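The numbers here are math on the coordinates, done by the rules we state, and not lab data. Please read these numbers as outputs of a predicted model, since none were measured by experiment. Note: ideal-geometry Cβ built from the backbone for every residue, glycine included; neighbour counts use all protein chains shown.
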Ligand code: NI
Ligand code: NI
Ligand code: NI
Ligand code: NI
Ligand code: NI
Ligand code: NI
């Protein structure tokens, strides 16, 4: 059930049976010479819709821009500052909690969002609590790319060439979702790897084409479908466990 | 050309020929008993993609949540505070300006966003200027529902029953885009109208089902297509004039 | 009744009969070669005092500096950032609401304030609501220069030479209020017009002497008196309608 | 020379001979049963204009609302939060510094503003410095009520009955400026004194009519004139020393 | 070399040979019935001083209060909001970077700080970069309790009774540093475990005495010394690798 | 009783008998050629612990970094912006107030903190009040270097050579606390004095070695002990008066 395709009376009905909502969150950032700038948002959105179908959960609109400051030296990347993203999450949760939503499950497609989202969850609980709201609200972070089955499949299909950014697994998933947007470009077989992430300029100096140790040329739409199915299955179970927590 | 479906080298190429980018911005808010909560985002996104196709412009990902604080007493509505949305816009513009984007065209689907967006544009120019960036950046607000042809068509099709929120014109457009999500519900023929907008609670007290003087039952997908075509045509011309300004 | 010239017991008494207060808000910004930097604040303050006398309303102290970032390339201009002005308005409303003021009527002399003020009103309602205050507070924006009678009089007296900034109407009103401060300077009959407002530097490049299509040389103190009287009459009626709204 | 009554070319000329500007800053807060709510702003504005006449300094518009959170339990009081006032001052200084103003002299009428203004000056220097502006900007705080001659005159005229808030000296000065607004009310001869200032509620509990150890019934307009003259003389000298500092 | 015990000329000399500085960061939060509220700060500080001695690094003053919002339902806990802690870190880094410090190594004693610190590092790089500073600044997070040797030793000494908060390992380390402050109290052998962390109230409901699956009664000062030695050794190596990164 | 060396049940017990807590606050800033960068924090912490022992008060962890923006042109100085420090103080007070702490006594070692701390106290009262907390919270600022006995002793020992920054009195106190860190360096007998404090760059230009009119070579550890004893005695009395205030 998609929030954007529902009416408010339908949401009111939904809340009779569930306090849960899923928000896909991605990023808008370079993904190497062949990866789509929207990769993280595309993956998160597709999987979130799949989880919504599998579980009957309400799925909110995608947060398309996340925390990608370190990618800003590549054209087309867009980022919120962490302090901005924290406010955004606080506003989302504060908007929906008074209506009865109390279980917020974020399906995340971008490693760079993790720290800020965790910080934002803490800030949101505290914000609501200080305003005298029930402290019953809970947020959960579901990173599809860290799901056990996804990890195993990536290992099996790509081994070390999975890398850490612009990975074949995420590229494969976007190929499955948008087969019309499969890109090709020459990829230097020697790809930078192992350097920590600091400033945007530093990132570009060390990762000259944007990839981090990955070989996205290995991706296929068929792989993408497998990643999609594994991720939907695992995150659906995770969402249901989250709702069932005491 | 969609930013989310492009690679960073493609963006780099695009910037050789154009400094322009279009961002659809909507809202996630109640639209009466039959209107979709995502109406404003759906309309803005569809039209923005149409304008992108017509003009070759780069189209960024949709900003799905806007300034809808006055709708928060209806379940399912989500809003940023104006001060948050200002930060978000400043972050978007500041991310892309160093790469060479200098013409930001926001296709807006929600009247409630207008004031905050205008304030945000001022804050963004000043922010960039104070940091010593070129003061060459320009933002433009294109409200599809205020385009002359859209207004005339709504007048012609619906007269006074167009109303001011959850209007048949915007509902029609969503029916065109998502025919599978057309909703029906009994609509009281006596619909509230003419009350100013204050707090969320005050809004709900005066507009009990969420509509403001509108009769969305008049909407049809065919109308929606006509609105779409008129809006794409007018905003495409507006975008090109914006790029051509001296 | 002026707040600044009242005692707190007088305010306490006033609140027995009315929850309304008027705040004049202007700007401190260039107004062309002959217009006073304080034009917008002077006009708003004079009219607000007139409305206060006509209606018995409490009139607060003038907010002398508003949102004028686009004028900052001319010396003497002062501006708050929109995000600052929002905080200021939230603080004003939050200070007075607990005492019983619930109808805030801002008499505004500056077009550049409009967007930020509207955004600020939304933020203020939400702020009070989230703190558990009654959501009964209402703010209204009364732009004197957009009053119907003012507009018609300007059209009648100046036609197209009214322009959009440093207008003869506002200059006339300052001449009526401060006849000792009437300025003269050569005015180029070819005055820039029609360019949108972006950054401060862009503004100055396009509007080299600060005027926007106006001929303030047409202004006279007698005109100013007529504008004053029309504006006071119309805004007094508007204020009373605001108080009477259900 | 008043900024509000000047044109931008006049400001440009002024800057050829002086980098100095004076801002009166007051407060909008209860001043006991007979003191005007605008007392602090009225005094600061009158003295600032006097100093401007005596020294030829540019005088900016009055900052009418300051930091008066502890007075908010009395109706009619308005306050900025310290964090808001800091932003306001940073915005004022940042607006004018690029034009060439580098000596900001604040004539202050309210003890409660002192701490926040000093903090704001530090924040403003740092803000400008971090943006790469010249670090030549200086701010000075001139508290008229702490001028030596003012203090001595108050001691001489009122002794211990000067008190610390709603003092006869400041009331006298407002009587001199606004003789038409002299208020009378029964004043309890036993007036609270000596309690530290904490929250607004705590303040009202300890200072039930708003006065802090003062007997404003001693004030006369003639006294007010003497305070005015002493303050203008001392602050004029102080302003000139400030400009002359190496 | 401790910053607090150095003079500025000594710092100037130090910068000739190294751009590195270590900041211990802890937390001020409940650590169960027997753990010290300052546990995380005490551990971080002791280890940081040890690393400073081993490597000759400059060690800054301890950040005693971190992100511990979820512990606030236990008396004595103090926390910064994540958005505050981000500002604090940005201020630290921005203060020292212009002087020549460019390698900031945070020795962290509290898992709850990790997300916010990572977000803060990103915000700091971006802040400095947007101000035109060199983007050469790097921050590193060294969590002593996650060092491999520490982890192994805890496993070896305590097995599953190490738990996740108020652990015997951290308690042991405080016993080594402050043997005079060893506390005893009855500890329920059935200790809560496995519940995710949400709001402060939720935390206390699930972890009634503050421990998370741990048995701090196993701790001894001798263990503490072993943890100290292992942590100093590993983090010293980590610090030196950090400085040596290209 | 030190908060960092207590358990939460001990804090719970403490609150049965006292609502008071002491926070030492210092600064991390240059103190001339021989003064320790941590001087202000070291002094505040030592005295706070002494007051804690003398009065049985709970003593929180030291706030090591304060408002020292004007010292940032000397290497090793670290500062929070005033707006950051305000947030920090608000967070401290808001963390502890719900647990029952209502008397916050800050023992301050740095003149530059005073203004911001006072502003922060106002902001904290208002913050708590607006959230509906009891307005019973009180903060007090105890500046050890302004205690009467300290002032007299410094006058007696050093006369005019006490100066205003990097003073022999504070240096002496650090020598008493850290005799192993006594520094010597040639001190120019002609030391700058009398210049107001503006930006960091301006400060360094006028105070080339960081001292403000002081001769820290006069300091001895024995003096330091005397300052310590006087300060502990006076501030202990002050703390107890603060707790006893009605
Ligand atoms: Ni990705
Ligand atoms: Ni709509
Ligand atoms: Ni104007
Ligand atoms: Ni006063
Ligand atoms: Ni711990
Ligand atoms: Ni000091």
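At-a-glance table
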item	result
Quarter of the Cα convex hull surface for the stretch F:1-112, i.e. its orientation-mean projected area (nm²)	7.2
Shielding of A:9-18 by partner chains, average beta-carbon count, 10 Å	3
With Cα atoms, 0 to 90° folded angle of helix D:148-158 axis to chain D main axis	10
Relative exposure of D:1, F:67, judged by other C-beta atoms within 10 Å (fewest first)	D:1, F:67
Contour excess over end-to-end distance, with Cα ends at residue C:220 and residue C:54 and 0.36 nm allotted per residue	57.3 nm
Two-site FRET efficiency, residue F:151 against residue D:156, from Cβ-Cβ distance with R₀ of 30 Å, rounded to 0.05	0.60
Cα centroid separation - the stretch A:120-187 against the stretch E:44-62, whole Å	37
The protein assembly as shown - share of DSSP beta bridges that are antiparallel (%, nearest 5)	15
Closest approach to the D/A rotation axis among chain D Cβ atoms, residue and whole-Å value	D:83, 7
The protein assembly as shown - convex hull of the alpha-carbon atoms, volume per residue in Å³	166
Most mobile listed residue (B:209, B:40, B:160) in chain B, GNM with C-alpha springs under 10 Å	B:160
Pseudo-label separations to other copies for residue F:184 - Cα-to-Cβ vector, 7 Å, nm	5.1, 7.6, 7.9, 7.9, 9.9
Cα-based helix-to-principal-axis angle, F:168-177 vs chain F, degrees rounded to 10	60
Dimensionless Rg ratio for the stretch B:132-242, taking C-alpha atoms and the 2.2 N^0.38 Å reference	1.28
Quarter of Cα convex hull surface for chain F, i.e. mean projection, nm²	13.1
Cβ-vector label at 7 Å, residue A:196, separations to other copies in nm	2.9, 4.4, 4.4, 4.4, 5.6
For residues of D:226-239, the mean tally of beta carbons on other chains within 10 Å	0
Mean separation of Cα contacts under 8 Å (6+ apart) over length of chain E, as relative contact order %	24
Of D:47, D:114, D:21, the one that fluctuates the most in a GNM where chain D has Cα springs shorter than 10 Å	D:114
Nm distances between copies for residue E:156, ranked from closest, using label points 7 Å along Cα→Cβ	3.8, 5.9, 8.5, 8.5, 9.7
Evaluated at q = 0.23 Å⁻¹: base-10 log I(q)/I(0), Debye formula over Cα of the stretch D:42-92	-0.91
Per-residue average of Cβ from other chains inside 10 Å of A:93-100	5
DSSP bridge orientation in the stretch E:3-244 - percent antiparallel, rounded to nearest 5	15
Rounded to 10°, Cα long-axis angle of helix D:221-244 versus longest principal axis of chain D	30
Stokes-Einstein D for the stretch E:98-186, Kirkwood Rh over Cα pairs, 25 °C, 0.890 mPa s (µm²/s)	156
Among A:174, A:39, A:220, residue whose mean-square fluctuation peaks in a GNM of chain A (springs only between Cα atoms under 10 Å)	A:220
Length gained when the stretch residue E:136-residue E:193 is fully extended (0.36 nm per residue, less Cα-Cα span)	16.3 nm
Label zone at residue B:185, where the point sits 7 Å out along the Cα-to-Cβ direction: the stretch B:192-225 residues whose backbone N lies under 11 Å	B:209-211
